[in-house]
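One structure below.
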């Protein structure tokens with residue numbers, strides 16, 4: 001009788017150990033999935049791009065200054081470089097993703113500019129605006 005009770009205790013301990021190991025693996029897999037899911041949903045991607053695409057096309061200098069401030073705010077609050085946006089073009093307005101101030105002094109308020117976008121093609125920034133081109137408007 002004594003051996004039977006010891007056998008039941010050992011069997012219970014083994015089942016409990018298997019249950020704890022299974023639970024640990026389940027928690028680990030869920031946590032790894034959250035860490036690895038760096039991709040944005042379509043709605044999040046659309047909201048991210050909308051901050052910039054509203055400035056697309058022919059814009060006045062005042063609007064370009066607003067765009068540069070929007071880019072600076074985005075780059076300052078972005079959690080990684082995949083979500084940051086740079087600026088270039090033939091208008092002499094350039095902004096790197098690491099800049100801490102917007103080059104608003106380079107923008108002439110009376111001028112007209114053409115704004116276009118470059119979208120990321122792969123990785124964490126696929127489908128996101130990664131670069132904004134500001135050119136002088138040529139009629």
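The values are calculated or read from the model by the stated rules, or taken from the named source; none is laboratory data. These numbers come from a predicted model, not from an experiment. We place every Cβ from the backbone using ideal geometry, glycine too, and count neighbours over all the protein chains shown.
Report yes if some residue within region 36-53 is at pLDDT below 85 and part of a helix (DSSP H, G or I); otherwise report no.
Yes; the residues of region 36-53 include at least one that is at pLDDT below 85 and part of a helix (DSSP H, G or I).
Would you check which residues across region 108-137 are out of contact with any strand residue (DSSP E or B) (no Cβ under 7 Å at 6 or more places or on another chain) and under 16 Å from residue 52 (Cβ atoms) and list them?
Of everything in region 108-137, just one residue is out of contact with any strand residue (DSSP E or B) (no Cβ under 7 Å at 6 or more places or on another chain) and under 16 Å from residue 52 (Cβ atoms), namely 125.
So, restricting to strands (runs of 3 or more DSSP E) that lie completely within region 78-139, which ones have at least 3 residues that are closer than 16 Å to residue 63 by Cα?
112-119, 129-136
On the basis of being surrounded by 13 or more Cβ atoms within 10 Å (Cβ to Cβ) and over 12 Å from residue 133 (Cα atoms), does residue 51 make the cut?
Spelling it out, residue 51 is indeed surrounded by 13 or more Cβ atoms within 10 Å (Cβ to Cβ) and over 12 Å from residue 133 (Cα atoms).
Considering region 69-96 alone, what residues qualify as being within 18 Å of residue 116 (Cα to Cα), over 13 Å from the mean Cα position of the chain (by Cα) and without any contact (Cβ under 8 Å) to a residue 40 or more places away in the chain?
Within region 69-96, 69, 70, 72, 92, 94, 95, 96 meet the criteria.
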